[in-house]
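First comes the structure, then the notes that go with it.
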């Protein structure tokens with residue numbers, strides 16, 4: 001992935017999410033409040049994260065310390081399927097955390113060794129905050145429910161965070177065009 005795309009795509013995603021939050025529409029509010037325990041979101045987010053991770057393990061090489069990638073892939077597939085049965089609570093949040101970690105891995109890889117482009121730090125700096133948040137939410141997924149309760153308690157909070165996210169997304173898009 002090029003650094004241009006690695007900066008532009010998260011910028012557009014943040015801008016869209018920020019615009020939705022800034023609009024403070026009731027559909028957005030209810031959808032985000034229902035996200036942590038939604039089974040449909042769990043199948044989409046955790047299922048997508050599992051497929052992406054299984055694809056990575058299947059395509060790993062002996063240089064990655066995987067002598068038998070098929071064995072690891074099968075073992076992780078069993079764990080992913082059993083997750084839907086044994087730990088269905090907040091599985092959507094865990095899937096979102098896994099997707100954030102996998103995406104951060106690729107985005108950071110695009111900015112690796114690009115020292116002649118210091119504006120890449122507009123992407124990389126908050127990316128490490130995303131990794132920390134994903135690890136924290138993976139361990140304590142109920143915190144996302146608590147965050148949404150705090151966020152939507154006052155409409156002004158939602159608008160302020162939405163506008164900030166929109167501004168950051170537009171800044172990322174502008175930085176992507178400067179490479």
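The values are calculated or read from the model by the stated rules, or taken from the named source; none is laboratory data. Predicted model, so just to flag it, every value in this text is computed and none were measured. With ideal geometry, Cβ positions are generated from the backbone for all residues, glycine too; neighbour counts draw on all protein chains shown.
So which residues in the range 144-157 are surrounded by 13 or more Cβ atoms within 10 Å (Cβ to Cβ) and part of a helix (DSSP H, G or I), if there are any at all? Talk me through it step by step, then tell me what you get.
Kept after step one, since they are surrounded by 13 or more Cβ atoms within 10 Å (Cβ to Cβ), are these residues of the range 144-157: 144-145, 147-148, 151-152, 157.
Answer for the range 144-157, where residues must be surrounded by 13 or more Cβ atoms within 10 Å (Cβ to Cβ) and part of a helix (DSSP H, G or I): 144, 145, 147, 148, 151, 157.
Check whether at least one residue in the range 131-143 is assigned to a helix (DSSP H, G or I), surrounded by fewer than 16 Cβ atoms within 10 Å (Cβ to Cβ) and either on the phi > 0 side of the Ramachandran plot or in contact (Cβ under 8 Å) with a residue 60 or more places away in the chain (or both), and report yes or no.
Yes, that holds for at least one residue.
Among the helices (runs of 4 or more DSSP H) confined wholly to the range 1-119, which include 1 or more residues that are in contact (Cβ under 8 Å) with a residue 24 or more places away in the chain, loosely packed, with under 14 Cβ neighbours inside 10 Å and on the phi < 0 side of the Ramachandran plot?
Once the helices (runs of 4 or more DSSP H) in the range 1-119 are filtered for at least 1 residues that are in contact (Cβ under 8 Å) with a residue 24 or more places away in the chain, loosely packed, with under 14 Cβ neighbours inside 10 Å and on the phi < 0 side of the Ramachandran plot, what remains is 3-23, 39-58, 91-111.
Okay, residues lined up against (1) out of contact with any strand residue (DSSP E or B) (no Cβ under 9 Å at 6 or more places or on another chain); (2) closer than 30 Å to residue 179 by Cα; (3) at pLDDT 95 or above:
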{"position": "46", "(1), (2), (3)": "yes, no, yes"}
{"position": "61", "(1), (2), (3)": "yes, no, no"}
{"position": "66", "(1), (2), (3)": "yes, no, no"}
{"position": "73", "(1), (2), (3)": "yes, no, no"}
{"position": "84", "(1), (2), (3)": "yes, no, no"}
{"position": "89", "(1), (2), (3)": "yes, no, no"}
{"position": "116", "(1), (2), (3)": "yes, yes, no"}
{"position": "121", "(1), (2), (3)": "yes, yes, no"}
{"position": "125", "(1), (2), (3)": "yes, yes, no"}
